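Structure first, then comments.
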Amino acid sequence: MLNAVNANAAMTAANPLSGQPTTKDVQDIFLKIFSTELAHQNPLSPMDNKEWVQQFVQFSSYNQMATLNKQLESLKQMVGFLQAASLVGKQITYSDEVNATQQGIVSGVSQKNGELFVDVGDKKIPFTSISQVKEQKGVQV
């Protein structure tokens, strides 16, 4: 009988680079496990249909949760980017590489390897190092 731990291990092994299984991965793994169970089942006590359906539902649920998780992560990144973009033209206070407090006007936003940066002059400041945001002095918004 397949349990949640075995299913999770099998799913993670399916796509080790991204960690996220595709629908085809889910179907392939399920069919491999199911055919193995059928090949090794006791002919005098065959697998119950309810068990088979339960296992299929477990795999389907896992795939749906993985898809939802991926979509939520994408939404989180978009919201973060929009939040950073709203700082363009504003004065920020931030900590630099040596933990000294600096100020500057945000001129742009970029993202690298999932991390957000704001552009201040020719520097790329990690979004997480911003401690204060103010309207730029002398500028009406």
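A few notes on this one:
- The lone criterion from (1) assigned to a loop (DSSP other than H, G, I, E, B); (2) small (Gly, Ala, Ser); (3) at pLDDT below 85 left unmet by Ser35 is number (1).
- Hey, Tyr94 among the hydroxyl-bearing types (Ser, Thr, Tyr) and more than 30 Å from Gln27 (Cα to Cα) or not: yes
- Residue tally, condition surrounded by 16 or more Cβ atoms within 10 Å (Cβ to Cβ) and closer than 19 Å to Glu73 by Cβ, over region 83-108: 1
- Taking each residue of region 41-55 that is closer than 17 Å to Leu31 by Cα and looking for partners that are at pLDDT below 75 and in a loop (DSSP other than H, G, I, E, B) with beta-carbon atoms closer than 8 Å, six or more apart or interchain, yields Gln41/Met47; Glu51/Met1; Gln55/Met1; Gln55/Leu2.
The values are calculated or read from the model by the stated rules, or taken from the named source; none is laboratory data. On a predicted model such as this, the values are computed, not experimentally measured, just so you know. Positions of Cβ are backbone-derived with ideal geometry, glycine not excepted, and every protein chain shown enters the neighbour counts.
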